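Before any comments, here is the structure.
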Amino acid sequence: MTILFKWLKQPVVLGYIMAGFLVSSQISLTPTISGTSDIGSWADIGVIFLLFCLGLDFSFKKLLKVGQTAAIAAITIITFMVLLGFLVGLSLGWGVFNSALLGGMISMSSTAIIIKAFDDMGLRNQSYTRYVFGILIVEDLIAILLLVLIPTLSVSKSFEGEGLLMGILKLVFFLVVWLISGIYFIPIILRKTKNVLNDETLLIFSLGLCFGMVLFAKKVGFSSALGAFVMGSILAETLDAERIERLVRPLKDTFGAIFFVSVGMMVDISVISQYIVPIIIITLAIIFGQIIFGTCGLLLANQPLKTAIQSGFCLTQIGEFAFIIAMLGINLKVIDAFIYPVIVSVSVITIFLTPYIMRLAEPAYNFISSRIPESWANAIERRSLSGKSAHVQNVWYSLLSQIIRIIFVYSILTIAIELLSIKYFIPFVTS
């Protein structure tokens, strides 16, 4: 399947999904896997590797360069796509929880697919791709937050504002503690052990840190995906990041393939035939919604019309996070089981169409630019020029923001030390 889809110039992920479908119980003409209990465990490991390597690609320094633009665009896209997905779900009669998580699933574009498409089409060095990557990073962070909030939703069975707020604050608290600790301590360990860290030991050491953070994240009530992502982002700030990524890539490719094969095994033909109309509606909502809201989001961030349109046309698919959110929601009995094969079917269609939609960006820009009123075009041009000159910050504003950031970080660390002392140190001393 991988050779076939590579020959067809399609993403290899589609080959994995198709291979999983062919060995599932749905197809009797090919060798069939009857016992699928262990597949879930291997798929969970695949998710951990995918998120760990995604974290290795994540760089706070890169995000800061396009941070404001990416944040404005990503928040615009996610807000309106969640609302669109929620309305589509309600119109299909799926209920509040199914509709809400449907909105969350269709609001996240696929980082893996977009990066692969950029590489295959030779677009990696285009100027607009940095904004696309920035949007993807912000979306990944929000997706991680959603993965944290779903277990809370499964317990309360309602959207409680206080519970959601506490979940967000808890996430921010632990992220700051983890990142500060990792940024200070892990580089020191890597420097001290540099002489003994050959490729083998560095690989084992990195995986040990990854799974250690996974266990710790599960211990404090977060998902394993969050722990893997955080440790990957910590290691991304070290001097050995590229070397670690090179060593881990074969494992990510292997277990990532197993994850996507397991996705294909979950495809249910009877469910697809039953829900063919919702699948088509959701697919159209994703394509047109992402193009419209992605373009508008970048225009709101003072980007040129061509950059906005090219970026919007790149975001028209859903992928790994949609699968993870759907699987988690079903395991926690928050959403109905039919959502999974539906979202997998939608993902396959949108992934298949991604390269073709990307190629339509240039003709779409030429069509729109030749037909919009001249006053609109001039207004967009003025906004983009003003956005380029607005990056020069006031000195006092910069100083104040640094002071606030330092106070915030040290406050978090102080609270963490106090909590650790109360839970572990004081009982040890007084015992």
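Only a single criterion out of (1) assigned to a helix (DSSP H, G or I); (2) at pLDDT below 70; (3) not hydrophobic (A, V, I, L, M, F, W, C) is not satisfied by residue 158, namely (1). From the residues in region 207-237 that are of a type outside the set (A, V, I, L, M, F, W, C) and surrounded by fewer than 24 Cβ atoms within 10 Å (Cβ to Cβ), which one is farthest from residue 326 (Cα to Cα)? Looking at residues that are of a type outside the set (A, V, I, L, M, F, W, C) and surrounded by fewer than 24 Cβ atoms within 10 Å (Cβ to Cβ), I get 237.
Here is a yes/no grid of residues against (1) under 29 Å from the mean Cα position of the chain (by Cα); (2) at pLDDT below 70; (3) surrounded by 11 or more Cβ atoms within 10 Å (Cβ to Cβ):
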{"site": "392", "(1), (2), (3)": "no, yes, no"}
{"site": "395", "(1), (2), (3)": "no, yes, no"}
{"site": "402", "(1), (2), (3)": "yes, no, no"}
{"site": "405", "(1), (2), (3)": "yes, no, no"}
{"site": "408", "(1), (2), (3)": "yes, no, yes"}
{"site": "413", "(1), (2), (3)": "yes, no, yes"}
{"site": "417", "(1), (2), (3)": "no, no, yes"}
{"site": "423", "(1), (2), (3)": "no, no, no"}
{"site": "431", "(1), (2), (3)": "no, no, no"}
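Restricting to region 323-374, what's the tally of residues that are assigned to a helix (DSSP H, G or I) and either within 26 Å of residue 12 (Cα to Cα) or among the aromatic types (Phe, Trp, Tyr) (or both)? Before you say what the answer is, go through the steps one by one.
Filtering region 323-374 for residues assigned to a helix (DSSP H, G or I) gives 323-331, 339-359, 361-369, 374.
From what's left, either within 26 Å of residue 12 (Cα to Cα) or among the aromatic types (Phe, Trp, Tyr) (or both): 323-328, 339-359, 361-362, 365, 367.
Going through region 323-374 one residue at a time, the tally reaches 31.
When region 290-321 is limited to residues that are part of a loop (DSSP other than H, G, I, E, B) and within 11 Å of residue 357 (Cα to Cα), the one that is most open to solvent (accessible area, probe 1.4 Å) turns out to be 313.
Do we find that residue 117 is over 15 Å from the mean Cα position of the chain (by Cα), surrounded by fewer than 22 Cβ atoms within 10 Å (Cβ to Cβ) and modelled with pLDDT of 75 or more in this structure? No; evaluated as a whole, the condition is false for this residue.
Every listed requirement among (1) part of a helix (DSSP H, G or I); (2) modelled with pLDDT under 75; (3) open to solvent by 20 Å² or more (accessible area, probe 1.4 Å) is met by residue 35 save one, (1). Looking at region 120-135, which of the residues that are of a type in the set (A, V, I, L, M) and in a helix (DSSP H, G or I) is most open to solvent (accessible area, probe 1.4 Å)? For region 120-135, the residue satisfying everything is 121.
Condition check ((1) aromatic (Phe, Trp, Tyr); (2) under 19 Å from residue 142 (Cα atoms)) across all residues:
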residue: 306; (1), (2): no, no
residue: 312; (1), (2): no, yes
residue: 317; (1), (2): no, yes
residue: 321; (1), (2): yes, yes
residue: 325; (1), (2): no, yes
residue: 330; (1), (2): no, no
residue: 335; (1), (2): no, no
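Screening residue 29 on (1) open to solvent by 30 Å² or more (accessible area, probe 1.4 Å); (2) part of a helix (DSSP H, G or I) shows it passes everything except condition (2). Contact map, region 393-414: residues that are farther than 11 Å from residue 177 by Cα paired with residues that are at pLDDT below 75 and in a helix (DSSP H, G or I), Cβ distance under 7 Å, separation 6+ or inter-chain. No pairs are found. I'm trying to understand the selection: among the residues of region 61-94, which are at pLDDT below 85 and crowded, with 21+ Cβ neighbours inside 10 Å? Listed by number, the residues that qualify are 69, 70. If the condition is being aliphatic (A, V, I, L, M), out of contact with any Asp or Glu (no Cβ under 9 Å at 6 or more places or on another chain) and buried (at least 24 other Cβ atoms within 10 Å of the Cβ), then region 95-113 contributes 101, 102, 105, 106.
Taking the conditions exactly as written (open to solvent by 20 Å² or more (accessible area, probe 1.4 Å), at pLDDT 70 or above and assigned to a helix (DSSP H, G or I)), does residue 147 satisfy them or not? Show your work before the answer.
Values: open to solvent by 20 Å² or more (accessible area, probe 1.4 Å): no; at pLDDT 70 or above: yes; assigned to a helix (DSSP H, G or I): yes.
No; evaluated as a whole, the condition is false for this residue.
The values are calculated or read from the model by the stated rules, or taken from the named source; none is laboratory data. Because the structure is a prediction, the values reported are computed rather than measured. Cβ atoms come from the backbone with ideal geometry, glycine included; neighbour counts cover every protein chain shown. Heads up: the accessible areas ignore ligands, DNA and RNA and are worked out on the full protein's heavy atoms, side chains in. Shrake-Rupley method; radii C 1.70, N 1.55, O 1.52, S 1.80 Å.
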